[in-house]
Each structure stands twice: as structure tokens, then as C-alpha cells.
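The values are calculated or read from the model by the stated rules, or taken from the named source; none is laboratory data. Predicted model only: the values in this text are computed from it and were never measured. Positions of Cβ are generated from backbone atoms using ideal geometry, with glycine treated the same way; all protein chains shown enter the neighbour counts. What goes into the accessible areas is simple: the full protein's heavy atoms, side chains included, and nothing from ligands, DNA or RNA. Shrake-Rupley method; radii C 1.70, N 1.55, O 1.52, S 1.80 Å.
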Amino acid sequence: MRASAQVSAYLKDDDLPVFWCSGCGNGIILNSIMRAFNAMQLPPNEIVVVTGIGCWGKADDYLLTNSLHGTHGRALAFATGVKAANPDLTVLALMGDGDCATIGGNHFLHAARRNIDVTAVVSNNFNYGMTGGQYSATTPADSYTSTSVYGNPEGEFDLCEVGVAARAGFVARSTVYHVTLLQNLLQKAISHEGFSMLEVHSSCPVYFGRYNQMNDPVQMMKWWESRAVPQKRYEQLSEDERAEKVPVGVLHEEPRPDFSSRYRKIQEVAQRRARDSK
Ligand code: SF4
């Protein structure tokens with residue numbers, strides 16, 4: 001199998017085919033990430049991709065960039081360490097909804113608050129795919145999973161709203177159906193100085209789809225298409241019209257000094273004091 005010119009500098013094609021099921025959205029996100037790297041002319045050896053556990057956590061297996069495969073829910077903790085140690089690197093943390101929003105929720109909140117210059121790319125398929133389709137913190141209330149066969153008794157939260165509340169400087173959403181938007185948002189998120197997050201609603205036809213009458217990947221794509229509404233148009237909808245709709249695009253942008261630039265200033269003060277005290 002030969003990679004296209006847009007992705008060949010980043011794709012470890014010896015390891016193909018990918019681990020993911022047919023119709024999974026993860027391949028679309030990975031392809032968009034590599035296309036974004038290529039459009040931004042980022043050298044692979046200056047990129048670090050950090051992953052956690054889960055189906056999306058396998059993404060680093062297929063990349064020629066530097067990579068670090070961490071423990072469940074801790075991708076942002078590892079990514080924070082990498083960026084703090086070498087602020088010149090481009091650092092991405094790839095996580096699923098189980099990894100980022102559920103097991104890793106605490107790390108997510110504090111990476112956003114700290115404003116570390118890392119881009120979180122969250123493949124949100126509304127369940128824990130790799131371990132058998134259990135419900136997560138983003139599984140819509142009343143929907144069906146392997147651990148909620150009569151309907152999810154818990155309420156979900158909107159991960160982008162949580163990111164804004166935690167002070168993420170750049171918050172955006174796309175779906176795997178909207179690939180042009182997805183690549184554009186990836187480029188914006190990576191370019192943003194400070195913590196950026198891109199939530200991608202992604203197909204898991206094998207578990208979430210099958211439990212919710214969408215076991216055909218095409219049905220899942222039609223679902224993404226029918227739900228997504230550009231942010232500006234979404235704001236004009238009434239509360240009733242918003243039911244079953246999801247805003248996509250850039251949802252929030254707020255420039256503020258990132259962790260590394262603030263930390264550099266503190267280092268300068270500390271070094272000056274140390275010199276003055278001699
Ligand atoms: Fe994708 Fe779901 Fe299969 Fe995991 S279980 S690879 S998320 S389709």
C-alpha cells in the first residue's frame with residue numbers, strides 16, 4: 001500500500017493495515033492530522049504525539065513523528081512534561097472520550113487551566129470502544145451501550161463546554177463527516193499558542209452504532225451530517241431547534257500567555273536573584 005504525497009512524510013506505512021475496525025472514524029482523524037502537519041510543513045522530528053489507552057490511543061503506531069504511548073487518562077500529563085522540558089516541540093495529545101473526559105478528566109481540566117501549549121485531539125465516539133463498548137462521560141443520557149442496555153442512567157457533559165470553563169484558549173469541534181473543516185481546525189488548533197482542544201465526533205459502528213440502531217458506517221456518517229450545525233447558525237436556533245443538534249467550528253478563542261512563556265519569565269527572575277545574592 002502506498003501513501004499519498006500529503007501524508008508520506010508522516011505515515012509509518014510498514015505497519016498498515018491499521019488496527020481499527022472497518023468504518024471506524026479514527027483513520028479519518030489520523031489522515032487529517034497528517035495532512036495538517038504537511039500543510040503546515042512541520043518536520044516530523046519536531047513533533048511529539050502522545051497517546052493514552054483505547055482504540056484512538058493506537059494512532060501513534062502509524063506515525064513517523066516522535067511518540068509516547070502513556071497510561072490510561074494520563075496522555076496530557078505526559079504531554080505537559082514533554083512541552084515543559086522542550087517548548088520548541090509541537091506536542092499533540094491524542095485521546096478518546098474515555099481517556100480524556102472520563103479517566104483523565106482531572107488532567108484535562110488542569111492542562112487547560114495551566115495553558116500548556118499542547119493540542120488535545122479528542123476522538124469522541126461516546127463509549128469505551130476498545131474494552132467492549134461501556135458508557136463514558138460523553139455518552140448521551142438514555143442511549144445504549146454494553147453497560148447500559150436499557151439506557152444510560154447518567155447525564156453526559158459537553159466536553160467543549162468543560163474546556164471553555166477550564167479556560168482552554170482554543171476550543172473547536174468537528175465530526176469525521178466534515179473532513180475539510182476537520183483539517184482546517186487542526187491547523188488552527190496546532191497554531192494556537194497555549195492549550196487548544198479539538199473534539200471530533202467519531203464513528204464507532206461496532207459498539208456505539210450497533211447498540212443505537214446505526215451498525216452500518218454510512219448510517220453513522222448520516223447521523224453526523226444531520227446533527228452538525230455551524231456555530232453561528234446554532235446560536236440563532238431556538239432551544240427546541242437545538243435539540244439533537246451540535247455546534248461545529250471554532251467555539252471559543254481567547255489568547256493569553258502560555259505556561260512556557262510565563263515560566264521563562266519566572267526562570268529569569270530566579271536567575272537574576274541568584275546572581276544578585278552572590
Ligand atoms: Fe473504532 Fe469502535 Fe472498532 Fe474501536 S471498537 S476500532 S472505536 S469501530
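Among the residues of region 128-151, is any closer than 16 Å to G54 by Cα, within 16 Å of the ligand (Cβ to nearest atom) and in contact with a Cys (Cβ under 6 Å, 6 or more places away or on another chain)? Looking through region 128-151, at least one residue is closer than 16 Å to G54 by Cα, within 16 Å of the ligand (Cβ to nearest atom) and in contact with a Cys (Cβ under 6 Å, 6 or more places away or on another chain). Of the candidates R210, R173, the single residue that is basic (K, R), within 16 Å of the ligand (Cβ to nearest atom) and under 21 Å from G98 (Cα atoms) is R210. Only one of the numbered conditions (1) within 24 Å of the chain's Cα centre (by Cα); (2) touching a residue at least 60 places away in the same chain (Cβ under 8 Å); (3) open to solvent by 80 Å² or more (accessible area, probe 1.4 Å) is not met by Y263, and that is (1). Number of residues in region 114-125 that are open to solvent by 10 Å² or more (accessible area, probe 1.4 Å) and either within 16 Å of the ligand (Cβ to nearest atom) or part of a strand (DSSP E or B) (or both) equals 1. Can you pull out the residues in region 19-69 that are surrounded by fewer than 16 Cβ atoms within 10 Å (Cβ to Cβ), within 14 Å of the ligand (Cβ to nearest atom) and closer than 22 Å to V82 by Cβ? D61, the sole residue that qualifies.
For region 141-156, what are the residues that are free of Cβ contacts under 8 Å to residues at least 40 places away in the same chain and open to solvent by less than 40 Å² (accessible area, probe 1.4 Å)?
Scanning region 141-156 gives S148, G151, N152.
In this structure, does N127 turn out to be over 14 Å from the mean Cα position of the chain (by Cα), modelled with pLDDT of 95 or more, within 18 Å of G70 (Cβ to Cβ) and not acidic (D, E)? Give the steps one after another, and end with the answer.
Details: over 14 Å from the mean Cα position of the chain (by Cα): yes; modelled with pLDDT of 95 or more: yes; within 18 Å of G70 (Cβ to Cβ): no; not acidic (D, E): yes.
No: the conditions fail for N127.
Just so you know, in region 70-81 the residues that are more than 20 Å from V200 (Cα to Cα) and open to solvent by 50 Å² or more (accessible area, probe 1.4 Å) include one that is modelled with the highest pLDDT, and it is F78.
The number of residues in region 131-168 that are more than 17 Å from the chain's Cα centre (by Cα) and in a loop (DSSP other than H, G, I, E, B) comes to 19.
Can you find a residue that is of a type in the set (G, A, S), more than 16 Å from the ligand (Cβ to nearest atom) and not in a helix (DSSP H, G or I) anywhere in region 73-87? Can you show your working first?
Here is the first cut: in region 73-87, the ones of a type in the set (G, A, S) are 73, 75, 77, 79, 81, 84-85.
Those still in the list that are more than 16 Å from the ligand (Cβ to nearest atom) too: 73, 75, 77, 79, 81, 84-85.
With the extra rule that they be not in a helix (DSSP H, G or I), the set shrinks to 73.
So far as region 73-87 goes, yes, one or more of its residues are of a type in the set (G, A, S), more than 16 Å from the ligand (Cβ to nearest atom) and not in a helix (DSSP H, G or I).
The combined condition, being farther than 24 Å from N26 by Cα and open to solvent by 60 Å² or more (accessible area, probe 1.4 Å), is fulfilled by E235.
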